[in-house]
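Shown next, in structure tokens, is the structure this report addresses.
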Amino acid sequence: MALETSPAATQAAEWVEPPRRSLIRRLVRYRSLMFGGGIFALLVLAAAFAPLLTRYGPDTIDALATLSGPSAAHWFGTDQFGRDLFARVLYGSRLTIAASFVAVLIAVVLGSLVGIVAGMAGGYVDLVLMRVVDLILIFPGILPALAITAILGPSLTNVVIAIGLSSIPVYARVVQATTLQVKTLNYVESARASGASPLRIVMRHVLPSVASQIIVAASTGLGVSVLYVAALGFLGLGVQPPTPELGTMLSDGRDYVLLAWWISFFPGAVITLYVVAVNLMGDGLRDLFDPHALQRLGG
Amino acid sequence: MTAIANYVLRRLGALVVVAVIASMLVFLIIHLIPGNPVVLMLGQNAASQADINRLTDELGLNLPLATQYWRWIVDLVHGQLGFSYGSNLPVGTLLQQSYPPTLQLTAAAMAVTVIFGVPLGVLAALKANTVWDTATMVLAVVGLSMPSFWLGLLLITLFSVSLHFLPVFGGTGIVGIILPGITLGVGGGGVVARFVRNNILDAIHLQHVQTAKSKGLSGPSVVFRHVLRNGLLSVVTILGLQVGYLLSGTVIVETVFSRPGLGRLLINSILDKDYPTVQVVILVLTLAYTVTNLIVDMVYPLLDPRIVYA
């Protein structure tokens, strides 16, 4: 086996399809889709209908009950100002979840655009566009998002833009690879030969093929994005107090961790639940769209 | 032999290219921020126009961008990393103080990643499609889904406060690194566990393993001689990638535990708008990540004879 670039990359490319696993295994995977999707829907609905679920506002102060633990009156306890944490977690997850959605949307739109243009144009355009996108991958983990936030300045909007921009490579790569594949399919070539415009080929053939892959990537991407939104919030670069946001709430809770564990426990638990849900959903969707990847990529 | 030399040279060449590009992008940070860096340095109110002009000249900020980059990079190569806007200390000094704790933390977290990830992945694969498999993989998903800042706070509450075990914040030595190490390493452990499981499942289906089984070799012997060897080798490559997540994750974990280090330095300088320090720390973390992966790519073919340098 001769290698062009990295040994690992080539090995992955030469991976051989294992025999299909049992039907039971597939059903188990759909179970993870249902389970993940269920929790996800529940959390999104709870965030959307926050005002109906609690009689407290996120900034309502109960001066008689500061730093009080979880009770019948305050399910998740109260913080140092006597604000109800259940209400704050509900309202906070609104911002966090919405921010993660918008960030993924930015990445999906820009990434798909780059991927389709690169894949359709081919040649130098492809090479240059994909190399430019790869520039982001030089920096590991959360660093690109951190650097962009540093440039734009701390605020929720900037955090969303930063996470969106730094997630472009994932989608650009998936879409570019699929576009290249679809372009060479016989029926697509004959469509082109019979005079179909590139735009028509993209709309009729490329987008439908790419859609399922984008959905899979985006559902896992939502998890990463919500973790980054909360992380940048925790670091003080996102929403500025007193607006509730899950990451920012955790950072408040850090100061009281020895006195009142509940301040940081509940926001963090909601983030974890949300990320577990979207990861399960992503695993399930991947199997749904591509049963062959079951064994290799599932978990 | 020449093939190896060729491969090593080409990879080193690629490293230089990545390093140059990374330095250019990092250099641009200070020019992309809205506002005049000199005003940031002097403080909004204190600066008179004369001071601003003098310092702009001094720093060469009105020179062409390429000239500025060249000066900056020559200084960097000579160890002149500039001065922090905030403390006016040389950035090099800050870096020297900050990198050892981060190195320790990353090493500890890597140990946790391996200790948590590899056995769980092996267990799940060998007991594939059983309750063990499901339980392990649920654990792995929870591990990689948990925000590290939450896990850190949970561990602090649990161990330091309730059980009076370990020093809570800023502990030193081996004890002080246990909780931060776990906090940073668990997420990677989840990733590794999933990767190991799937790799081993692939290895089980390899032909020679099936042959060994049909020859009548017993379970443990097949598992150790053939399956694990094949299944675990490529873990090395994903560990290389994990280093990147660990290095960038120190930003968060060092904040949670009030540990000194590069991550803490980076976030403090971002909050203080101390851009010379931001630039250098991002560059250092990125280069550390790139070099680690280069080493992994160099070492991997030594471990796996099937891979040939070319």
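The values are calculated or read from the model by the stated rules, or taken from the named source; none is laboratory data. None of these values were measured; they are calculated from a predicted model. Here the Cβ positions follow ideal geometry from the backbone for every residue, glycine too, while neighbour counts run over all protein chains shown.
Taking into account only those residues within the range B:276-286 that are within 16 Å of B:Gly92 (Cβ to Cβ) and within 10 Å of chain A (Cβ to nearest Cβ), which is surrounded by the most Cβ atoms within 10 Å (Cβ to Cβ)?
Filtering first and then ranking leaves B:Val281.
Take B:Pro101 and tell me if it is in contact (Cβ under 8 Å) with a residue 12 or more places away in the chain and assigned to a helix (DSSP H, G or I).
yes
Any idea how many residues of the range B:259-304 are aliphatic (A, V, I, L, M) and either outside any helix (DSSP H, G or I) or under 13 Å from the mean Cα position of the chain (by Cα) (or both)?
Result for the range B:259-304: 9.
For residues in the range A:194-221 being buried (at least 23 other Cβ atoms within 10 Å of the Cβ) and within 14 Å of chain B (Cβ to nearest Cβ), which is modelled with the highest pLDDT?
Restricting to residues being buried (at least 23 other Cβ atoms within 10 Å of the Cβ) and within 14 Å of chain B (Cβ to nearest Cβ), the top hit is A:Gly221.
Criterion first (more than 30 Å from B:Trp72 (Cβ to Cβ), surrounded by fewer than 16 Cβ atoms within 10 Å (Cβ to Cβ) and in contact (Cβ under 8 Å) with a residue 60 or more places away in the chain) does B:Ser221 satisfy it?
no
Would you pick out the residues in the range A:164-206 that are touching a residue at least 12 places away in the same chain (Cβ under 8 Å), under 25 Å from A:Val133 (Cα atoms) and among the hydrophobic types (A, V, I, L, M, F, W, C)?
Across the range A:164-206, the qualifying residues are A:Leu165, A:Ile168, A:Val170, A:Ala172, A:Val174, A:Val175, A:Ala177, A:Leu180, A:Val182, A:Ile201, A:Val202, A:Val206.
Out of curiosity, is A:Arg254 charged (D, E, K, R), closer than 26 Å to B:Gly190 by Cα, at pLDDT 85 or above and crowded, with 18+ Cβ neighbours inside 10 Å?
yes
Conditions (1) acidic (Asp, Glu); (2) in a helix (DSSP H, G or I), marked per residue:
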residue	(1), (2)
A:Gly37	no, yes
A:Leu45	no, yes
A:Asp59	yes, no
A:Ala73	no, no
A:Ser112	no, yes
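Are any of the residues in the range B:30-45 touching a Phe, Trp or Tyr at 6+ places or on another chain (Cβ under 6 Å) and at pLDDT 90 or above?
No, the range B:30-45 has no match at all.
Among the residues of the range A:130-138, is any in contact with a helix residue (DSSP H, G or I) (Cβ under 7 Å, 6 or more places away or on another chain), under 30 Å from B:Gly35 (Cα atoms) and not in a helix (DSSP H, G or I)?
Yes, the conditions are met somewhere in the range A:130-138.
Given the options A:Val133, A:Val109, A:Val160, A:Val128, name the one that is crowded, with 23+ Cβ neighbours inside 10 Å and of a type outside the set (Ser, Thr, Tyr).
The conditions single out A:Val160.
With the requirement that a residue be within 11 Å of another protein chain (Cβ to nearest Cβ) and over 16 Å from B:Val192 (Cα atoms), what does the range B:222-248 give you?
Those that are within 11 Å of another protein chain (Cβ to nearest Cβ) and over 16 Å from B:Val192 (Cα atoms): B:Leu247, B:Ser248.
How many of the residues making up the range A:111-157 are under 30 Å from B:Val291 (Cβ atoms) and either of a type in the set (Lys, Arg) or out of contact with any Ser or Thr (no Cβ under 9 Å at 6 or more places or on another chain) (or both)?
Total meeting the criteria: 14.
Looking at (1) away from every other protein chain (no Cβ under 12 Å); (2) closer than 19 Å to A:Leu227 by Cβ; (3) not hydrophobic (A, V, I, L, M, F, W, C), find the lone condition where A:Pro154 falls short.
Condition not satisfied by A:Pro154: (1).
Yes or no: the range B:249-272 includes at least one residue that is surrounded by fewer than 24 Cβ atoms within 10 Å (Cβ to Cβ) and of a type in the set (Phe, Trp, Tyr).
There is no residue in the range B:249-272 that is surrounded by fewer than 24 Cβ atoms within 10 Å (Cβ to Cβ) and of a type in the set (Phe, Trp, Tyr).
Pick from B:Val223, B:Val175: which is modelled with pLDDT under 75, under 30 Å from B:Glu254 (Cβ atoms) and over 18 Å from the mean Cα position of the chain (by Cα)?
Being modelled with pLDDT under 75, under 30 Å from B:Glu254 (Cβ atoms) and over 18 Å from the mean Cα position of the chain (by Cα) holds for just one of B:Val223, B:Val175, which is B:Val175.
Name the residue, out of B:Leu247, B:Leu241, B:Leu232, that is of a type outside the set (Lys, Arg) and within 12 Å of B:Leu184 (Cα to Cα).
B:Leu247
Keeping to the range A:214-256, report how many residues are assigned to a helix (DSSP H, G or I) and within 20 Å of A:Ile163 (Cα to Cα).
Residues flagged as assigned to a helix (DSSP H, G or I) and within 20 Å of A:Ile163 (Cα to Cα) within the range A:214-256 amount to 27.
Return the total of residues in the range A:257-299 being facing chain B (nearest Cβ under 8 Å), at pLDDT below 85, under 22 Å from the mean Cα position of the chain (by Cα) and in a helix (DSSP H, G or I).
Within the range A:257-299, residues that are facing chain B (nearest Cβ under 8 Å), at pLDDT below 85, under 22 Å from the mean Cα position of the chain (by Cα) and in a helix (DSSP H, G or I) number 2.
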